[in-house]
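The values are calculated or read from the model by the stated rules, or taken from the named source; none is laboratory data. What you see is a predicted model, and the numbers here were worked out from it, not measured in a lab. Using ideal geometry, Cβ is built from the backbone for each residue, glycine included, and neighbour counts are taken over all protein chains shown. When the accessible area is computed, the model is the full protein with side chains, heavy atoms only, and any ligands, DNA or RNA have been set aside. Shrake-Rupley method; radii C 1.70, N 1.55, O 1.52, S 1.80 Å.
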Amino acid sequence: MQALGIDVLFKGTNLFRLLQGLWVSIEISLISVVISIVLGLIVGILMTIDRPFLRIILKIYLEVVRIMPQMVLLFIVYFGTTRVFGWDLSAEFSAIFVFSFWGTAEMGDLVRGAIKTIPKIQFESSLALGFNTVQTFVVIIIPQTIRRLIPLAINLITRMIKTTSLVMMIGNVEVLKVAQQIIEANRNTSPNAAFGVFAFVFFLYFIICWPISRLSIYLEKRWA
Amino acid sequence: MDKDVIISYIPHFKEALFLTLKIGWLGILLSLIIGLVGASLLHFKVKFLQKIVGIYIEIFRNTPLLIQLFFIYFALPKVGIQITAEKCGVLGLGLLGGAYMIETFRSGLEAVTTIQTESALSLGFSKAKTFRYIILPQALSMSIPGLVANIIFLLKETSVFSTISLMDLMFTAKDLIGMYAKTTENLFLLVVFYLIMLIPVSIIGAIVERKVRYAGFGD
Amino acid sequence: MKKSLFKKVTSLLMATALLAVSLTACKTSNSTSKADDKVYRTVDEIKESGVINIGVFSDKSPFGYVDENGNYAGYDVYFANQIAKDLGVEVNFVSTEAANRIEYLQTGKVDIILANFTVTDERKEEVDFSLPYMNVSLGVVSPSNAVVESLDDLGKNDQVIVISGTTAETYLTKNYPNIKLQKYDSYAAAKTAFENKNGVAWANDNTEVIAFSLENEGYTVGIPSLGDADTIAPAVTKGNESLLNWLNEETVSLAAKNFFHEDYEATLKDTYGEDYEDTLVVESTSLTNN
């Protein structure tokens, strides 16, 4: 154990701090996922509306998200906005902003896809029955897409959690940074701490993401 | 923004672009190989190996590339496995991408109906020939949209290479900001170079997708 | 089908154009906003909020690191705690990387950088340094079985590890453009890579490489000093005179009490022993030292 540096994990409050660091990542992802689901529903519905101008705007938005790495967006939001607009955004806020910006696009695309599967006749019947457009979506269309969307939304959570490993780069002290700090503080006593600690972080991410992605696959199969 | 600063930084970004592309495409190539082999193993339900592929997919799809790279680059040398940063980048990207490529190819294979296999076999094709000439071409063309998405995803993922000392686009921007503090210019160049790298892929992807859709059946 | 491809291409081009436009827009708003918007906080504003944000390293033992109980510790941190105490506020430590230090100040994300920040002319253009509290120059450490004693001896493919955004990086880039640098963005990463033998040597502040060779067996500082002798000082956002003046006075009054020797004994002595105390520590006695 000593040789692989696993003992370091049990020194002092190291283990607790790693878990605390992990919670920072999970918290950011959960908040971002909730925001993404809400905004994603709206964006998804907007994407099905046939207005050329709206289409172009949303298309550009989707392309930006598709092409720009989240890390670049993080840097632009965290450092760029202060430069340009003088906003002082905290690292957490920047992370949540960027992940929601990204998640909303992903979610929106999923919602659009799900709405497309609903036969057009349902819209027409609903409108003919006197529902207005908003009511049609809220009461008739969205409920039918929920089963299809929930597994995908759950899957988005794991992708969020995985992406949050980037927030270290803008100074958020999350699990990977804590891991580095622990390795650094124990460098002379356990020179192999890098193995044990990084292996443990690897394991932590896996043990969090794996059950969630299994759940998503299970629900997808069951409700398909 | 200062035009002269931007111009003087362009060579750095160009160099970074080449490195990113080199490692990116080698990694993607590796991921395609892993994807094809893995998907075939799953398709033919090869005992034991099928299980390994399953575990591999779960591990690499459920951990971030950043952590995978950290583990390969910083942790493995502690147990005697030494690897250069460039190889680590290719390997990390290949392993991560492989897990996604397998899934993409597999869904392509699954989309080819079993009746085609049966017809081919009854026409006297061998199992191998059926796979090579009947199933694979169709499966590949059906996998194209997924492949394009994966490739863009993997090229974007290269932005975490900075942590293992590879001077990719992201690290170049960060490094220059750290040395000379010209943030706006660097962020501008960063965005421009990512667009230069990814827009062609996106456009070519769209063209290829359009072409192969005609080759698909049952659409 | 044709139409959708066309759409895709146009939207991509539009996206590019939009980004370009928004970034050029940055340029204009940047130059105008700089003058009237101050990003920093004055001493009074800090006192009023009750918290001071200080950027320190969290992976650079023994100067700024996090101990196994999760508390910040080290030579810089000791000083930072004293600053907060004398201001009568709580301290909020912000973990920084070398390459982010200027950025953090310029965007007002921290009030002070106390992260082994070497005073250089280039940096003086971007931030304001107060009085120094430590001496430093560059040094190069290498494994004892293959000591690098001169940078001219390096082989063509030998890589030297540096940390992005440090004076070592700038110095080597300028003076030894042919040396291949292997850059890392954090101390922890660079040291682990060095231990893993990913580079033949590690160039950094000599304080840091000496500490490394003393703390870890099998390493020798082959080049103990390189380039000019410099000093390390706290830095504040450019133009924040209120905090700068306060810091200067604070440093002088602390120096009068031999505070930095006390700091050395509390945080650095375990690593360096007594031999380095007088060469490393600076007690700024006059306000015009800088």
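In segment A:21-91, which helices (runs of 4 or more DSSP H) lie fully inside it and hold 3 or more residues that are modelled with pLDDT of 90 or more?
Working: elements: A:52-67, A:70-75, A:81-85.
By residue number, A:52-67, A:70-75.
Just to confirm my filter: which helices (runs of 4 or more DSSP H) fall fully inside segment B:125-213 and include at least 1 residues that are under 17 Å from the mean Cα position of the chain (by Cα), within 13 Å of chain C (Cβ to nearest Cβ) and crowded, with 20+ Cβ neighbours inside 10 Å? Show your work before the answer.
On the way: elements: B:136-157, B:169-180, B:183-213.
Filter on segment B:125-213 gives B:183-213.
Yes or no: segment B:25-40 includes at least one residue that is in a loop (DSSP other than H, G, I, E, B) and touching a helix residue (DSSP H, G or I) at 6+ places or on another chain (Cβ under 8 Å).
Within segment B:25-40, the subset in a loop (DSSP other than H, G, I, E, B) is none.
Among the residues of segment B:25-40, not one is in a loop (DSSP other than H, G, I, E, B) and touching a helix residue (DSSP H, G or I) at 6+ places or on another chain (Cβ under 8 Å), which makes the answer no.
Residue C:240 fails exactly one of the following numbered conditions: (1) assigned by TED's automatic domain parsing to the domain that holds residue C:47; (2) open to solvent by less than 40 Å² (accessible area, probe 1.4 Å); (3) under 27 Å from residue A:193 (Cβ atoms). What is the number of that condition?
Going through (1) assigned by TED's automatic domain parsing to the domain that holds residue C:47; (2) open to solvent by less than 40 Å² (accessible area, probe 1.4 Å); (3) under 27 Å from residue A:193 (Cβ atoms) one by one, residue C:240 breaks only (3).
Name the residue, out of A:24, A:77, A:33, that is without any contact (Cβ under 8 Å) to a residue 40 or more places away in the chain and away from chain C (no Cβ under 11 Å). Full working, then the answer.
Values: A:24 fails: without any contact (Cβ under 8 Å) to a residue 40 or more places away in the chain; A:33 fails: without any contact (Cβ under 8 Å) to a residue 40 or more places away in the chain.
Only one candidate passes the filter, namely A:77.
For every residue, the table says whether it meets (1) under 17 Å from the mean Cα position of the chain (by Cα); (2) touching a residue at least 60 places away in the same chain (Cβ under 8 Å); (3) closer than 25 Å to residue A:107 by Cα; (4) open to solvent by 10 Å² or more (accessible area, probe 1.4 Å).
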| residue | (1), (2), (3), (4) |
| --- | --- |
| A:147 | no, yes, yes, yes |
| A:150 | yes, yes, yes, yes |
| A:185 | no, no, no, yes |
| A:203 | no, no, no, yes |
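Every residue in segment C:54-85 that is acidic (Asp, Glu), touching an Asp or Glu at 6+ places or on another chain (Cβ under 8 Å) and over 19 Å from residue A:178 (Cβ atoms), please.
Taking segment C:54-85 first, the residues acidic (Asp, Glu) are C:59, C:67-68, C:76.
Checking the rest, the ones that are also touching an Asp or Glu at 6+ places or on another chain (Cβ under 8 Å) come to C:59.
Hits for segment C:54-85: nothing passes.
Checking the conditions here, which among B:72, B:83 is assigned to a loop (DSSP other than H, G, I, E, B) and touching a helix residue (DSSP H, G or I) at 6+ places or on another chain (Cβ under 7 Å)? So that I can check it myself, show each step before the final result.
Numbers: B:72 fails: assigned to a loop (DSSP other than H, G, I, E, B).
Unique residue meeting the criteria: B:83.
Of all residues in segment C:47-76, which are open to solvent by 10 Å² or more (accessible area, probe 1.4 Å) and aliphatic (A, V, I, L, M)?
Residues of segment C:47-76 open to solvent by 10 Å² or more (accessible area, probe 1.4 Å): C:47-51, C:53, C:61, C:65, C:67-73.
The answer is C:51, C:73.
Looking at (1) over 20 Å from the mean Cα position of the chain (by Cα); (2) farther than 29 Å from residue A:188 by Cβ; (3) at pLDDT below 95, which is the only condition residue C:180 fails?
(2)
What is the one condition in (1) open to solvent by less than 10 Å² (accessible area, probe 1.4 Å); (2) among the basic types (Lys, Arg); (3) assigned to a loop (DSSP other than H, G, I, E, B) that residue C:38 does not satisfy?
Here residue C:38 clears every test but (1).
Going by what's in this entry, would residue C:108 be described as on the phi > 0 side of the Ramachandran plot and within 14 Å of chain B (Cβ to nearest Cβ)? Before the answer, list the steps.
Details: on the phi > 0 side of the Ramachandran plot: yes; within 14 Å of chain B (Cβ to nearest Cβ): yes.
Here the answer is yes, as residue C:108 does meet what is asked.
Report the residue count in segment C:168-186 for those that are at the interface with another protein chain (Cβ under 7 Å from one of its Cβ atoms) and in a helix (DSSP H, G or I).
Restricting attention to segment C:168-186, the residues satisfying the condition of being at the interface with another protein chain (Cβ under 7 Å from one of its Cβ atoms) are C:169-170, C:182-186.
Those still in the list that are in a helix (DSSP H, G or I) too: C:169-170.
Of the residues in that region, 2 qualify.
Specify which of the listed residues (C:116, C:157, C:145) is touching a residue at least 40 places away in the same chain (Cβ under 8 Å) and open to solvent by 30 Å² or more (accessible area, probe 1.4 Å). Give the derivation first.
Values: C:116 fails: open to solvent by 30 Å² or more (accessible area, probe 1.4 Å); C:157 fails: touching a residue at least 40 places away in the same chain (Cβ under 8 Å).
Checking each option against the conditions leaves just C:145.
Give segment C:77-110 a look and list any residue that's open to solvent by less than 10 Å² (accessible area, probe 1.4 Å) and of a type in the set (Asp, Glu), or say none.
C:103 - this is the single residue of segment C:77-110 that is open to solvent by less than 10 Å² (accessible area, probe 1.4 Å) and of a type in the set (Asp, Glu).
On the basis of being open to solvent by less than 40 Å² (accessible area, probe 1.4 Å), closer than 24 Å to residue A:212 by Cβ and not acidic (Asp, Glu), does residue B:35 make the cut?
Against the criterion (open to solvent by less than 40 Å² (accessible area, probe 1.4 Å), closer than 24 Å to residue A:212 by Cβ and not acidic (Asp, Glu)), residue B:35 qualifies.
Condition check: within 10 Å of chain B (Cβ to nearest Cβ), surrounded by 24 or more Cβ atoms within 10 Å (Cβ to Cβ) and not in a helix (DSSP H, G or I). Does residue C:165 satisfy that? Walk me through it before giving the result.
On the way: within 10 Å of chain B (Cβ to nearest Cβ): yes; surrounded by 24 or more Cβ atoms within 10 Å (Cβ to Cβ): yes; not in a helix (DSSP H, G or I): yes.
Against the criterion (within 10 Å of chain B (Cβ to nearest Cβ), surrounded by 24 or more Cβ atoms within 10 Å (Cβ to Cβ) and not in a helix (DSSP H, G or I)), residue C:165 qualifies.
Within segment A:124-224, which helices (runs of 4 or more DSSP H) (wholly inside it) include 2 or more residues that are of a type outside the set (S, T, N, Q) and at the interface with another protein chain (Cβ under 7 Å from one of its Cβ atoms)? It would help to see each step written out before you state the result.
Values: elements: A:142-163, A:175-185, A:193-223.
Result: A:175-185, A:193-223.
Is segment B:71-93 home to any residue that is open to solvent by 60 Å² or more (accessible area, probe 1.4 Å), away from chain C (no Cβ under 14 Å) and over 21 Å from residue B:168 (Cβ atoms)?
No, every residue in segment B:71-93 fails to be open to solvent by 60 Å² or more (accessible area, probe 1.4 Å), away from chain C (no Cβ under 14 Å) and over 21 Å from residue B:168 (Cβ atoms).
When you scan segment C:213-228, do you find a residue that is within 14 Å of another protein chain (Cβ to nearest Cβ), within 19 Å of residue B:165 (Cβ to Cβ) and assigned to a strand (DSSP E or B), even just one?
So in segment C:213-228, the residues within 14 Å of another protein chain (Cβ to nearest Cβ) come out as C:213-219.
Filter again for within 19 Å of residue B:165 (Cβ to Cβ), leaving none.
The answer is no, given that none of the residues of segment C:213-228 is within 14 Å of another protein chain (Cβ to nearest Cβ), within 19 Å of residue B:165 (Cβ to Cβ) and assigned to a strand (DSSP E or B).
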